[in-house]
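Structure record follows, encoded as structure tokens.
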Amino acid sequence: MSIKSVSFSSLKPGKHLVILGAIHGDEVCGPRAIARMIDALNKNMFELRQGSITFVPICNPKAYALNERFFDRNLNRKLYPKDETIDYEDKIGNILCKILDQADALLDLHSYQSPGGPFCFLGGSSQEEIDFCKSLGVSDFIYGWEDAFSKNDKLEDPRQSMGTTEYTRSKGGIATTLECGQHLNADNANIGYRAIINAMAYMNLIEIPRNQTKKPQKHSCFKMDQLFLKEAPGKFVKPWKHLDKVQKGDTLAIYESGQQLTAPKDGVIVLPKNHPEHVVGTEWFFFAVETPFPQAGDAGIN
Ligand SMILES: [Zn+2]
């Protein structure tokens, strides 16, 4: 199965934007949003005034065909060029790296399992990247993931955690992952499509026609604080949604032993795994606190 990429280039030089879909094969909003934009460009609904754009609608075709997250392993880890390719994802990774080597900016479209709406991962140290994220048309942002959770990984090869955004930044580009909402949300492909338009406008590839996109009035930003593992059989006190607000001391989950898990401070639940059979010993949910919008160089923005 080959990897399809589609590019459009203006005759006038400018920035190169890369849009990725289905890095995880069970996340269909990216391919749908990208197909809609390729169709719109084919029909001249937008005119590239400068620069170029490359779409990879389905980055992991075998996983996509199976509606699985991956084929051999998570494509969004260990993403760097390899002389010796072992896994299927190693082979795809080499193709994607060549494309990302040429990117001034990357928008990587994903969806997730928990109930909830869209949010954008903030990272990188440049103000340009923060401004790029803010331009995409979503209102919720999460940052500080690496600071909060990578402390145990000191012995590992740092490239272990390198995904599409980290690789692009290592090559000098700006990058973000946009989670367009829960896998099955009816509006997730629309959110992805709107973000593509906004990303193209931010990179000066197009001028946004009026009424073509909407900007949220308010931006909410959350810094990752803690990871809660499911340490024993138990359940949530209610089916949590991503970014549900809780107050310090609120009971979040109860183990079968009667022990309660409570909110360590005022904050929000992040990506809760609601399934009652969620496996003991694995990540159950994350906890984050609302913060003002960070500036480049602030703690947790790295
Ligand atoms: Zn994903």
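Taken together, the values in this text are just the output of simple stated rules run on the coordinates, not laboratory data. Note that this is a predicted model, so its numbers are computed, not measured. For neighbour counting, all protein chains shown are included, and Cβ atoms are generated from backbone atoms with ideal geometry for every residue, glycine included.
Look at (1) outside any loop (DSSP other than H, G, I, E, B); (2) surrounded by fewer than 20 Cβ atoms within 10 Å (Cβ to Cβ) and you find that residue 102 fails only one, number (1). Residue count for the stretch 1-41 under the criterion of being more than 16 Å from the ligand (Cβ to nearest atom) and either buried (at least 19 other Cβ atoms within 10 Å of the Cβ) or not in a loop (DSSP other than H, G, I, E, B) (or both): the result is 14. Taking the stretch 213-266 as the region of interest, the strands (runs of 3 or more DSSP E) fully inside it that hold 1 or more residues being touching a residue at least 24 places away in the same chain (Cβ under 8 Å) and closer than 30 Å to residue 201 by Cα are 220-229. When residue 69 is tested against (1) away from the ligand (no atom under 16 Å from the Cβ); (2) in a loop (DSSP other than H, G, I, E, B), only condition (1) is not met.
Scan the stretch 252-259 and give yes if some residue there is among the polar types (S, T, N, Q) and exposed (fewer than 13 other Cβ atoms within 10 Å of the Cβ), otherwise no. Please lay out each step first, then the result.
Residues of the stretch 252-259 that are among the polar types (S, T, N, Q), as a first pass: 257, 259.
The next check asks that each one be exposed (fewer than 13 other Cβ atoms within 10 Å of the Cβ); those that pass are 257, 259.
Yes, some residue in the stretch 252-259 is among the polar types (S, T, N, Q) and exposed (fewer than 13 other Cβ atoms within 10 Å of the Cβ).
Look at the stretch 15-32: where a residue is on the phi > 0 side of the Ramachandran plot and a partner is near the ligand (Cβ under 10 Å from one of its atoms) and not in a loop (DSSP other than H, G, I, E, B), sitting 6+ places away or on another chain with Cβ atoms under 7 Å, you get 22/30.
Tallying residues that are without any contact (Cβ under 8 Å) to a residue 40 or more places away in the chain and within 16 Å of the ligand (Cβ to nearest atom) within the stretch 75-110 yields 2.
Specify the residue that is farthest from the chain's Cα centre (by Cα); the eligible residues are those in the stretch 1-26 that are polar (S, T, N, Q) and under 14 Å from residue 203 (Cα atoms). Quick ask: steps written out before the conclusion?
From the stretch 1-26, those polar (S, T, N, Q) are 2, 5, 7, 9-10; that's our starting set.
Applying the additional criterion that residues be under 14 Å from residue 203 (Cα atoms) yields 9-10.
Values: 9: 26, 10: 28 Å.
Checking each candidate, the answer is 10.
With the structure loaded, tell me whether residue 169 is touching a residue at least 24 places away in the same chain (Cβ under 8 Å), more than 16 Å from the ligand (Cβ to nearest atom), among the charged types (D, E, K, R) and in contact with a Ser or Thr (Cβ under 9 Å, 6 or more places away or on another chain) or whether it fails that test. For residue 169, the condition - touching a residue at least 24 places away in the same chain (Cβ under 8 Å), more than 16 Å from the ligand (Cβ to nearest atom), among the charged types (D, E, K, R) and in contact with a Ser or Thr (Cβ under 9 Å, 6 or more places away or on another chain) - is met.
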